[in-house]
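Working notes, beginning with the structure itself.
What follows draws every value from the coordinates through simple rules; no lab data is involved. Here the structure is a predicted model, which is why all the values come from computation and not from measurement. Here the Cβ positions follow ideal geometry from the backbone for every residue, glycine too, while neighbour counts run over all protein chains shown.
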């Protein structure tokens, strides 16, 4: 039997505020454990939460950037559950009246656009972080860091519209890009400011009803999301084909073993005993505030991609890569403003620069080669000072040393040889010591010509102008 995979994702994104959602404690990451805390976020008796207006504004930006309808009235609720990282014994969240509903995100799969619906976007406070003793030299014990408690979040809940791990990964890529452009969140998965829970079920192809789903929590990389989904799909098929039933539960993903495993039985909404938060009034959002927020939004990724294709005449694939993040797009546009060769610049950024940054785990804003440096290198190619092949060598040196292209060319004597008399001497020398190959070429073995060119380039240490080498070599043989 063939099975279909049904996927819905719940994405938690920390909002880019300086203070927490209900108190003035800073949200700065990396502080000593429990330093960014106060009686409010620690849930001390008698304290009253005060809503952070900036958090509402950023959450509205998230809603409008993902085509959601913003509710004119939304309300916070208490989500009751007991866990060591939840100091109040409940989490302030939104339940029956969320901030945004009925949105969507467009993705591209194999050149085809697909719309992924969003059920809702609601606000809530983050919980603390458990640190297990094995990481601190105290096996068998666990510790709680409450610095993260009370950091404002949006939870973005998708419709069950995704059908593969690849689609899920592409959806997350697009969503992260949107939140980055809209300046809603820094989306730093390594620091936990973007996390994902994956709901997965399977059903026989052609069946309308959904199967029983499982939820795999706290996935902190797109690669792990895809792998966990694909593992869970295969696991559920195996369970069904053995004649057993899928148990609705919460699972975790072990990235070292590449497997999911049971965490706890799955709760339903009634298990949390939601009720309206008595210390916070409903939030009323006017049409004027929505319009003001919409007008303040920057150009979003999909709009920028379309503009890049039209304005710079580059392929859509290039535009997709170059708009993955706002900083990559800015780097590209700055480069084009300095040197109007859009496709050549696109090739160098996508090829050499992003490849090297990926190896080093750097973002483009930390690149040692700025747009001005890249353009200086490309101008040396255009002037004939460097061949394209030599330019790649110079680029690597620029990246490692932060020196300019002109410095490296001068210091290492890498300037391209364009003097015809010098190259002619090299050609004569190679022809003299390769008479057999010359005869083979004259007798119709054309591949030998490439060998002769290679010998000349080797003799010149790669500095001879390849076009001039080809011309003079043909002239001499003829």
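Side notes on the structure shown:
- Cβ-Cβ FRET estimate between residue 263 and residue 379, R0 fixed at 60 Å, reported to 0.05: 0.60
- Cα gyration tensor, the stretch 49-183 - rounded (a/c under 1.5), prolate or oblate: oblate
- Modelled FRET efficiency - R0 41 Å, residue 29 with residue 254, Cβ distances, 0.05 increments: 0.95
- As a calculated quantity, the FRET efficiency between residue 429 and residue 317 at R0 = 41 Å, using C-beta atoms, amounts to about 0.40.
- Equivalent ellipsoid dimensions for the stretch 299-412 as semi-axes, Å, which come from the Cα gyration tensor, largest first: 25, 16, 11
- Exposure proxy ranking, count of Cβ atoms within 10 Å, fewest first, for 370, 113, 20, 88: 113, 370, 88, 20
- Here is the P(r) of the stretch 1-65: all C-alpha pair distances, binned every 5 Å from 0, give 3, 14, 18, 17, 15, 11, 6, 5, 4, 3, 3, 1 in whole percents.
- Here each label is just a point 7 Å from Cα along the line to Cβ, and for residue 404 and residue 138 those points are 5.6 nm apart.
- What the Cα atoms of the chain give is an Rg and a Dmax of 29.4, 98 Å.
- Value of relative contact order over the stretch 17-89, rounded to a whole percent, pairs C-alpha under 8 Å and six or more apart: 27
- Virtual paramagnetic centre 7 Å along Cα→Cβ of residue 477, amide N under 11 Å, in the stretch 443-457: 443-454
- Order of 60, 350 under a 10 Å beta carbon neighbour criterion, fewest first: 350, 60
- Taking 390, 123 and counting other C-beta atoms within 10 Å, the order from fewest to most: 390, 123
- Estimated inter-spin distance, residue 113 and residue 292, nm [label 7 Å along Cα→Cβ]: 3.3
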